[in-house]
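Structure first, commentary second.
The values are calculated or read from the model by the stated rules, or taken from the named source; none is laboratory data. Please read these numbers as outputs of a predicted model, since none were measured by experiment. As a convention, Cβ positions derive from the backbone with ideal geometry for all residues, glycine included, and neighbour counts pool all protein chains shown.
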């Protein structure tokens, strides 16, 4: 149950901080405390040596002894653990008429004390506050009271309240028990109040600040987890997109390769058919004739067979003359020749829609035998022809 609860808590905090209260989770000066320092104090002290501690605790006028000026000085070092070591010097005066050791004092008698004590900050247990900083302590000392010197065991309880990181007030009471059993030496209580000043300060987070820091770390961890999750999702999306793109590129490459292979096959097929037709040769005519010779018919028979073999094949027939004679006559003669060529193929069962024609007369000679140029008959014969061009396969 703990893990789900923590997740819900973090989610709730994330929501709240996003909407309106993110600043509340920032570490501020209020979240830091003094963890170790030196403390110097100056103040006053009051000694109750009446022996009537509990029943006369507040009988100030008859049992408390004080002087009207600063009478206590202290210096101490306090550590992160809550422990502190302190040295204290006090001066006081038993006032004439006050009860001392159970009897009224006949005169004013000086009081001196030198003490060392070990203290512990109770805020380490109950939680840090600035206005109430309680402590307890034990120690030893030497006291000259009622003209009798003695070593003492000491136990103290008190508290400090702070106005700032450096200035505050200290209130405490110390019980002093005599070491040994000298005649006339009594136990007594010493109360003190004074101003304290901190220096050599080392600060750290309070418990509330540590809780904030822990919560901020948890929030940051959750944010990082969400970012990592989003990054992982994006990474997976990118991987899928990359895979799809590579697949598409591969498919396109395969299609392009197949298309290229198809086109090449078509080109090769066309080249092969054109070669077969070219290998048949031209249909040649005699001078001033459009009549097909036996040799020309043999060529057209082979061409008809190719057209029958390849139903999709379409041809263009062009007919030509040599340069001898009038050009108009040659145009007419080439028309006769192309017609006789086409008609023969049709007679062999070839659909006329597969055949288109064009006559050029003497305009497309294959050699230099133009008008005004002498050529033998063999050269002129080359130009009296019908040619075949592949249009469609």
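A few comments on the model shown:
Let's see how each residue does on (1) outside the structural domain of residue 346 (by TED's automatic domain parsing); (2) exposed (fewer than 14 other Cβ atoms within 10 Å of the Cβ); (3) more than 24 Å from residue 380 (Cβ to Cβ):
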{"residue": "284", "(1), (2), (3)": "no, no, no"}
{"residue": "287", "(1), (2), (3)": "no, yes, no"}
{"residue": "293", "(1), (2), (3)": "no, yes, no"}
{"residue": "296", "(1), (2), (3)": "no, no, no"}
{"residue": "299", "(1), (2), (3)": "no, no, no"}
{"residue": "304", "(1), (2), (3)": "no, no, yes"}
{"residue": "312", "(1), (2), (3)": "no, yes, yes"}
{"residue": "315", "(1), (2), (3)": "no, no, yes"}
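- Test: residue 387 is at pLDDT 95 or above, outside any helix (DSSP H, G or I), out of contact with any helix residue (DSSP H, G or I) (no Cβ under 6 Å at 6 or more places or on another chain) and within 17 Å of residue 296 (Cβ to Cβ): yes
- Among the candidates 61, 55, 74, 81, the residue that is at pLDDT below 95, over 19 Å from residue 148 (Cα atoms) and under 60 Å from the mean Cα position of the chain (by Cα) is uniquely 81.
- Exactly one residue out of 387, 362 is crowded, with 16+ Cβ neighbours inside 10 Å and touching a residue at least 60 places away in the same chain (Cβ under 8 Å): that is 387.
Residue by residue, here is whether (1) touching a strand residue (DSSP E or B) at 6+ places or on another chain (Cβ under 8 Å); (2) within 14 Å of residue 176 (Cα to Cα) holds:
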site: 106; (1), (2): no, no
site: 111; (1), (2): yes, yes
site: 114; (1), (2): yes, yes
site: 119; (1), (2): yes, no
site: 123; (1), (2): yes, no
site: 133; (1), (2): yes, no
site: 137; (1), (2): yes, yes
site: 141; (1), (2): yes, yes
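- Residue 368, sole failed condition from (1) free of Cβ contacts under 8 Å to residues at least 40 places away in the same chain; (2) assigned to a helix (DSSP H, G or I): (2)
Each row is one residue, and each column tells you yes or no for (1) loosely packed, with under 14 Cβ neighbours inside 10 Å; (2) within 17 Å of residue 41 (Cα to Cα); (3) within 45 Å of the chain's Cα centre (by Cα).
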residue	(1), (2), (3)
110	yes, no, no
134	no, yes, no
139	no, no, no
158	no, yes, no
170	no, yes, no
174	no, yes, no
186	no, no, no
200	yes, yes, yes
205	no, no, yes
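- Every test in (1) surrounded by 10 or more Cβ atoms within 10 Å (Cβ to Cβ); (2) in the same structural domain as residue 345 (by TED's automatic domain parsing); (3) assigned to a helix (DSSP H, G or I) is passed by residue 328 save one, and that test is (1).
- Residue within region 117-124 that is surrounded by fewer than 15 Cβ atoms within 10 Å (Cβ to Cβ), modelled with pLDDT under 95 and farther than 17 Å from residue 146 by Cβ present: yes
- Looking across 212, 223, one residue alone is at pLDDT below 90 and surrounded by 13 or more Cβ atoms within 10 Å (Cβ to Cβ). It is 212.
- Among (1) assigned to a helix (DSSP H, G or I); (2) surrounded by fewer than 14 Cβ atoms within 10 Å (Cβ to Cβ); (3) more than 60 Å from the chain's Cα centre (by Cα); (4) touching a residue at least 60 places away in the same chain (Cβ under 8 Å) - the single one residue 277 does not satisfy: (2)
- Summed over region 296-325, residues that are part of a loop (DSSP other than H, G, I, E, B), without any contact (Cβ under 8 Å) to a residue 60 or more places away in the chain and within 16 Å of residue 392 (Cβ to Cβ) total 1.
- Of the residues contained in region 164-184, one or more are found to be closer than 27 Å to residue 39 by Cβ, out of contact with any strand residue (DSSP E or B) (no Cβ under 8 Å at 6 or more places or on another chain) and in the same structural domain as residue 105 (by TED's automatic domain parsing).
- Among the residues listed as 203, 221, 176, 212, the single one being in contact with a helix residue (DSSP H, G or I) (Cβ under 7 Å, 6 or more places away or on another chain) and on the phi < 0 side of the Ramachandran plot: 212
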